[in-house]
Amino acid sequence: MTDSDDTDKNLSYEQAREELVEVVRKLEAGGITLEESLALWERGEKLATLCQEWLDGARKKIDAAIADD
């Protein structure tokens, strides 16, 4: 795991989502090189995965709370 991966794990869902929105905005705006686009795409994939992990964790907590009732 790289330092950026460690840092990413410290992002809240809201922070990761906001950065993901910005990545998408930049990609949709265009006007960047292929290399920059690929780097943004890769960053977006990492952020999307992180957001999904947050959502999956929340779903597990909700399911556990419902099962306890």
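Contact map, the stretch 47-69: first residue within 11 Å of Leu20 (Cβ to Cβ), second residue open to solvent by 50 Å² or more (accessible area, probe 1.4 Å) and part of a helix (DSSP H, G or I), Cβ cut-off under 7 Å, separation 6 or more or different chains; pairs are Leu47/Glu19; Cys51/Tyr13; Cys51/Arg17. Condition test on Glu19, is it open to solvent by less than 80 Å² (accessible area, probe 1.4 Å), of a type in the set (Asp, Glu) and part of a helix (DSSP H, G or I)? Against the criterion (open to solvent by less than 80 Å² (accessible area, probe 1.4 Å), of a type in the set (Asp, Glu) and part of a helix (DSSP H, G or I)), Glu19 qualifies. The residue list Thr49, Thr7 contains one member that is surrounded by 10 or more Cβ atoms within 10 Å (Cβ to Cβ) and hydroxyl-bearing (Ser, Thr, Tyr), which is Thr49. Of all residues in the stretch 32-43, one or more are open to solvent by 100 Å² or more (accessible area, probe 1.4 Å), assigned to a helix (DSSP H, G or I) and either touching a helix residue (DSSP H, G or I) at 6+ places or on another chain (Cβ under 9 Å) or of a type in the set (S, T, N, Q) (or both).
The values are calculated or read from the model by the stated rules, or taken from the named source; none is laboratory data. These numbers come from a predicted model, not from an experiment. Cβ: placed from backbone, ideal geometry, glycine included. Neighbour counts: every protein chain shown. Surface areas here come from the heavy atoms of the whole protein model, side chains and all, with no ligands, DNA or RNA. Shrake-Rupley method; radii C 1.70, N 1.55, O 1.52, S 1.80 Å.
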